[in-house]
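Below is one structure, written out as structure tokens, with a few remarks after it.
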Amino acid sequence: MNQLLDHRNQSRILIGILFLLFGFSFLLLTYGCSQKPAGLVYLDELGAQQVTAGWSESKANKSIDGNPLTVAGQLYERGLGTHAESQYRLNLDGRALNFQALVGVDDEVKKTQRGAERASVEFIVSARDKNNNKKVLWKSGLMKAGEPAREVKVSLKGFVSLDLVVTDAGDGIGYDHADWCQARIEYAGKRPEPVKPYAAAPYILTPATGPEPRINGPRVFGVRPGSPFLFTIPATGQRPMTFAAEGLPSGLRLDTNTGHITGAIDKPGTYNVKLIARNSLGTAERELRIEVGDKICLTPPMGWNSWNCWACSVTDENVRQSARAMVEKGLINYGWTYINIDDCWHGQRDPKTGEIRSNEKFPDMKALADYVHGLGLKIGLYTDCGPKTCAGYEGSEGHEEQDIMTYAKWGFDYVKIDWCYCEGKDPRVAYKKFGEAISRAPRDIVFSICNWGVEKPWEWGESVGGNLWRTTGDITDTWASMAGIGFGQAGLAKYAGPGHWNDPDMLVVGKVGWGPELRPSRLTPDEQYTHISLWCLLAAPLLIGCPIEQLDDFTLGLLTNTEVLEVDQDPLGRQADRVFDGDDYQVWARQLEDGSRAVGLFNLDAYEFRKVRIDFAAMGLGAGSYRVRDLWRQKDLGVFSGGFETEVPPHGVALVRLWKK
Ligand code: GLA
């Protein structure tokens, strides 16, 4: 019996021990799981390819200029060096734990006084949950050069993506070198993955131009009495084509084979001319209103400029090639007109007379102008109101009148006047000298003020004789630069009109490079549609910045859409303004001469398609129905009442025109 009891007791004790052991190991296991060291990834380990930068290329473990990451004298071994505006998205799986970094402006900007003063950024960390709700987790506030790094440590629990953004803090992207030092994520589940911003393969929306004749380009043209007249009838369609014009004022003659109208009109007034283009397939007609008075440049100038492609390496031959290609590739048939030489053509002044001469790359400016005119195009050049140009060539200070008269003698039709070495000057006074000289010149010269928006040229540009004025610093081929400038034009519409235009800088499509080596624009195809759509809505001067002879089919499509260009060239000259400003979308609209509206629906998100809606009443259009036409595809979309909604690609646009039914 006792033995039996002992046996039972022994078994109970054994079972108890087993239970305890089991329980203990279970506890150990669960404890172990919850305490399993989290994964840790330093963002530099993921590379910097998907970190967008408003200037140059982002780098891992280096500043944007390629130096060791340094903020306020403190060296950091690892991290990401970028430049505002910058965006970086990482996909998470809801089980990431936290993000930490030390952020600041890299000391390298302090190499110049201008850099030290102008650098200013804001770092913003936000995240989205699985329902796509965005939450801003941290903002650095304004940060300037020399300030010690600020620490960010935020929880990422439950989020499925993380956005690291650097903004320009509202003052332009100049010198905004930004460092995410020691940036790292702790995670329990999957390792975070960088997301590539969306970029479609190039796709052409512009329908092929038909073989029948069609007259394009401006519907109104201004000229001063007695000034040499040159207007080429822009007509697409199969060649041979012949031209006619009814009601040409006396003093003008038409070359019926080329469509070039030349001569001079002495008598001021309005002349309504009927232009006619014929080929074997038919006849096209269109009214052109010629205004002979004191105003020129009644629609925004369209043409080419050498700077964004060749910059200082430009030669006489580059200019001739682009001019020839304007004709051979047919751009002239859509209204493209000016061939403008930017910086780096000046030589020395004549020691006796002070007259400016071109340098060895431009052997004969008059011969070049004659050549370009012979093609039915116009020609422009560049100078500076200071003693030197931005590239260090001879400026026009003290020679304002003399230089304008020299350009007129050579036969130039357009002058862009820059603002380097002019600090301390009153731009109104400096530019007025040129404006007065231009008004006395024996030919019409479009006057382009290029002082980068200093002292709001939109407020005084017209009064000093300006036909256009730059509103910002220089553009480059990044989304941050192009979109920053383009969408930054809000509020300027009231300063634009026939003869005087806001200039958001030249186009960065096709091949650019600012030197002898060219590369395709870094803007994605959708960003390029946004660029052209926005510039046309803005009634902006359209100056192509790539060699015309190297235009590819995609870029040609961008630049030869008659319905899109018609928005830019609308005779009413009303610039678009922003009508909706959403978190990641905007809507811009302008009124056109026929009472219709051109509207751009823009998606500002870099990663996702989104629906953008316009509400007719909220746009001030009143109730009722509207016929909506897609301008890029040149297709009616239907009649809509109340509003219109469409899906827009990342960084892309839907450009539509609305007619009241
Ligand atoms: C300035 C202007 C540019 C270009 C260069 C030439 O930067 O803003 O458009 O003309 O000078 O040096």
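The values are calculated or read from the model by the stated rules, or taken from the named source; none is laboratory data. All values derive from a computational prediction rather than experimental measurement. As a convention, Cβ positions derive from the backbone with ideal geometry for all residues, glycine included, and neighbour counts pool all protein chains shown. Please note that ligands, DNA and RNA were not included when accessible areas were found on the heavy atoms of the full protein model with its side chains. Shrake-Rupley method; radii C 1.70, N 1.55, O 1.52, S 1.80 Å.
Worth a mention:
- 50 Å tail of the calculated P(r), the chain, as % of Cα pairs: 22
- The count of lysine pairs in the range 39-194 with alpha-carbon distances below 16 Å, taking only pairs 8 or more places apart or on different chains, stands at 9.
- Relative to the longest principal axis of the Cα atoms of the chain, helix 2-34 runs at roughly 20 degrees.
- Taking label positions 7 Å along the Cα-Cβ direction at both residue 267 and residue 617, the computed distance is 5.4 nm, reported to one decimal.
- Accessible surface, per residue, of the range 214-292 when the full set of protein chains is kept, probe 1.4 Å, Å²: 45
- Among the GluC sites (Glu not before Pro) found in the range 498-586, those both in a DSSP coil and sparsely packed, with 11 or fewer other Cβ atoms within 10 Å of their Cβ, are 517.
- Residues in the range 578-660 average 41 Å² of solvent-accessible surface per residue, probe 1.4 Å, ligands and nucleic acids excluded.
- Nearby aspartates and glutamates by direct alpha-carbon distance to residue 366 (threshold 15 angstrom, same-chain neighbours under 8 apart not counted): 316, 317, 355, 403, 413
- Percent carbon-and-sulfur accessible area, the chain, ignoring ligands, DNA and RNA, probe 1.4 Å: 51
- For the range 302-558: accessible area per residue (Å², 1.4 Å): 31
- Rh by Kirkwood over Cα pairs, then Stokes-Einstein D for the range 578-660 at 1.002 mPa s and 20 °C, µm²/s: 168
- Centroid-to-centroid separation of the range 376-449 and the range 82-131 [C-alpha atoms, Å]: 42
- Cα lying deepest toward the dipole's positive end in the range 214-292, options 271, 238, 251, charges on Cβ: 238
- Among 496, 521, 422 - extreme Cα towards positive end, dipole of the range 302-558, charges at beta-carbon: 496
- Contour minus Cα-Cα distance for residue 474 and residue 193 (0.36 nm per residue): 97.7 nm
- Backbone amide hydrogens, once placed in the peptide plane, bring residue 390 within less than 5 Å of 420, excluding anything fewer than 5 places away on its chain.
- Equivalent ellipsoid semi-axes - Cα gyration tensor, the range 214-292, angstrom: 23, 12, 9
- Computed extension length for residue 317-residue 635: 110.4 nm, one decimal, from 0.36 nm per residue of separation with the Cα-Cα distance subtracted.
- The Rg/Rh ratio for the range 39-194, using Cα coordinates for both the radius of gyration and the Kirkwood hydrodynamic radius, is 0.96.
- Calculated from backbone phi, Karplus (6.51, -1.76, 1.60) coupling profile of the range 470-476 in Hz, x at Gly/Pro: 5, 9, 8, x, 6, 7, 9
- Under 27 Å from residue 635, Cα to Cα: lysines that are on another chain or at least 8 residues apart: 329, 611, 660, 661
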